[in-house]
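Report on the following structure.
The values are calculated or read from the model by the stated rules, or taken from the named source; none is laboratory data. This one's a predicted model, so the numbers in the text were calculated from it and none came from an experiment. Here the Cβ positions follow ideal geometry from the backbone for every residue, glycine too, while neighbour counts run over all protein chains shown.
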């Protein structure tokens, strides 16, 4: 199994966590986003969108982190990253999608590059953009998780799920941009519990071979 990855990509971070939680060995294949390696022809044959991550398994390529985590769940169901019943699976998927589909796209590298170039923003202007959308997104997520009555140590009771795989990288990014996370005590409590686990510790950006 091979994972095309970039150490600071939150989507790739999600996949590293999921693979670690499943106890699956993989070969990391770094793709440098700052150096535009994702736009090179050799990578576009792997992932036509030119995005990371991409997962190679059994000679086939899988893309989009949520789809890849679902693929792992279907092909390697133990230990599970989704709850046993449909209602709780819907809740976990909702948390994951709030992060991956609502929060993350407004703050990923290509979006930040675009607003900086086309709207004349300096570095602080980009940071203001980032912090605004992080605050708005995490505020809704905090209310959703806290009011669900389904969270425990983690997003779903005391079971690690794909929701946690998505939440931790998003908090890492928010910390990197010095966002105020004090208004989100439920999210931060879950983050701190997750970061006690080797699967999360070993997946973090600073532990990756391309972080040097």
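Cβ-Cβ under 7 Å, sequence separation 6+ or interchain: first residue in region 73-89 and free of Cβ contacts under 8 Å to residues at least 12 places away in the same chain, partner in a loop (DSSP other than H, G, I, E, B). Which pairs?
Every condition considered, the pairs that remain are 89/82; 89/83.
Conditions first: (1) in contact with a helix residue (DSSP H, G or I) (Cβ under 9 Å, 6 or more places away or on another chain); (2) touching a residue at least 60 places away in the same chain (Cβ under 8 Å); (3) over 18 Å from residue 159 (Cβ atoms). Residue 133 passes all but one, so which condition is the exception?
Every listed condition holds for residue 133 apart from (2).
Kindly check whether there is at least one residue in region 187-199 that is in contact (Cβ under 8 Å) with a residue 60 or more places away in the chain, surrounded by fewer than 20 Cβ atoms within 10 Å (Cβ to Cβ) and under 23 Å from residue 105 (Cα atoms).
Checked region 187-199: no residue is in contact (Cβ under 8 Å) with a residue 60 or more places away in the chain, surrounded by fewer than 20 Cβ atoms within 10 Å (Cβ to Cβ) and under 23 Å from residue 105 (Cα atoms).
List, please: which pairs have Cβ atoms under 6 Å, are six or more places apart or on different chains, and start with a residue in region 58-72 that is assigned by TED's automatic domain parsing to the domain that holds residue 27 and end with one that is in a strand (DSSP E or B) and at pLDDT 95 or above?
Taking only residues 6 or more apart or on different chains, the pairs are 61/54; 62/55; 63/54; 68/55; 68/62; 71/62.
I'm trying to understand the selection: among the residues of region 11-21, which are buried (at least 23 other Cβ atoms within 10 Å of the Cβ) and more than 10 Å from residue 54 (Cα to Cα)?
Across region 11-21, the qualifying residues are 13, 14, 16, 17, 18, 19, 21.
Considering (1) in contact (Cβ under 8 Å) with a residue 24 or more places away in the chain; (2) assigned to a loop (DSSP other than H, G, I, E, B), say which one residue 182 fails and leave the rest.
(1)
Being more than 26 Å from residue 124 (Cα to Cα), outside the structural domain of residue 35 (by TED's automatic domain parsing) and surrounded by fewer than 19 Cβ atoms within 10 Å (Cβ to Cβ): is that true of residue 180 here?
no
Is it the case that some residue within region 144-152 is assigned to a helix (DSSP H, G or I) and within 19 Å of the chain's Cα centre (by Cα)?
The answer is yes; a qualifying residue exists.
Considering each of 92, 115 in turn, give the residue that is under 17 Å from residue 65 (Cα atoms), modelled with pLDDT of 90 or more and in a helix (DSSP H, G or I). It would help to see each step written out before you state the result.
Values: 115 fails: under 17 Å from residue 65 (Cα atoms).
Result of the check over 92, 115: 92.
Could you list all residues from region 200-212 that are part of a loop (DSSP other than H, G, I, E, B), without any contact (Cβ under 8 Å) to a residue 24 or more places away in the chain and in contact with a helix residue (DSSP H, G or I) (Cβ under 8 Å, 6 or more places away or on another chain)?
Listed by number, the list is empty, since nothing qualifies.
Does at least one position in region 39-55 carry a residue that is out of contact with any strand residue (DSSP E or B) (no Cβ under 7 Å at 6 or more places or on another chain) and within 19 Å of residue 92 (Cβ to Cβ)?
No, that holds for no residue.
Output the number of residues of region 1-53 satisfying the condition of being over 19 Å from residue 81 (Cα atoms) and in a helix (DSSP H, G or I).
7
Output the residues belonging to region 1-18 that are over 9 Å from the mean Cα position of the chain (by Cα) and free of Cβ contacts under 8 Å to residues at least 60 places away in the same chain.
Result: 1, 2, 3, 4.
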